[in-house]
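What follows draws every value from the coordinates through simple rules; no lab data is involved. Computed from a predicted structure; not experimentally measured. Virtual Cβ from ideal backbone geometry, glycine too; neighbours counted across all protein chains shown.
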Amino acid sequence: MTIKIKVIAPDKVVWDASAEEIILPSSTGQLGVLTNHIPLLTALDIGVMRVRINTEWKPIILLGGFAEVKNNIITILVNGAENILEIDIDEAKDNLEKAIKLLEEATSNKEKIEATQILRKAKAKIQAANVLNN
């Protein structure tokens, strides 16, 4: 049995397919969902959603939002998302270093918040690369 998953960003539908399992980056930690999961509504953090189709895991970077689980259907509304087919790990590591430096150099609260978001996205790309390379 499978779970129907739909990921919707403000500008497009990022994912619309079925899978055997999904792991979401919820605001309280990683949340795994299998078929016949109890109804659930959860906030999502910036991070990697992992979807298992047969034996293959596919990563999708989510930029925060909400997920509803009900009757083997997961509807995910996000601020943004990236469907990752491949990631240059060296580029991802460089971006992570730049994000860390940007956060260290931030002085105002606004700069710190923006730098933190950039850092979290960079970390998510490295996590997604690890999913792809395993």
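What list do you get for 84, 89 if you sort them by fewest beta carbons within 10 Å?
On the way: 84 17, 89 14.
Ascending Cβ contact count within 10 Å gives the list 89, 84.
Could you tell me which label, among (1) 62; (2) 29; (3) 34, carries the value of percent of Cα pairs over 23 Å apart calculated for this structure?
Answer by label: (3).
Quickly work out the residue 98-to-residue 110 label distance, labels modelled 7 Å from Cα along the C-beta direction, and quote it in nm with one decimal.
2.2
Can you give the helix-only mean residue ellipticity at 222 nm for the chain, where every DSSP H stretch with n ≥ 4 adds -39500 (n - 2.57) and the sum goes over all residues, rounded to the nearest 500 deg cm²/dmol?
The per-residue figure over the chain is -11000 deg cm²/dmol.
Given the options 25, 63, 41, identify the residue whose Cα lies farthest towards the positive end of the charge dipole of the chain (+1 on Cβ of Lys, Arg; -1 on Cβ of Asp, Glu).
My answer, from the dipole projection, is 41.
Can you count the Lys pairs in the chain with C-alpha separation below 15 Å, eight or more apart or on different chains?
For the chain, qualifying lysine pairs total 17.
Could you work out how far helix 89-105 tilts from the main Cα principal axis of the chain, as a 0 to 90 degree angle to the nearest 10?
Once rounded, the angle reads 60 degrees.
Taking the chain as a Gaussian network, Cα atoms linked when under 10 Å apart, which of 39, 25, 59 shows the biggest mean-square fluctuation?
39
Rounded to the nearest 10 degrees, what's the angle between the helix 109-133 long axis and the longest principal axis of the chain, both from Cα atoms, 0 to 90?
50
Given the options 119, 41, 24, which has the most mean-square fluctuation in a GNM of the chain, springs set between C-alpha atoms less than 10 angstrom apart?
The residue that fluctuates most here is 41.
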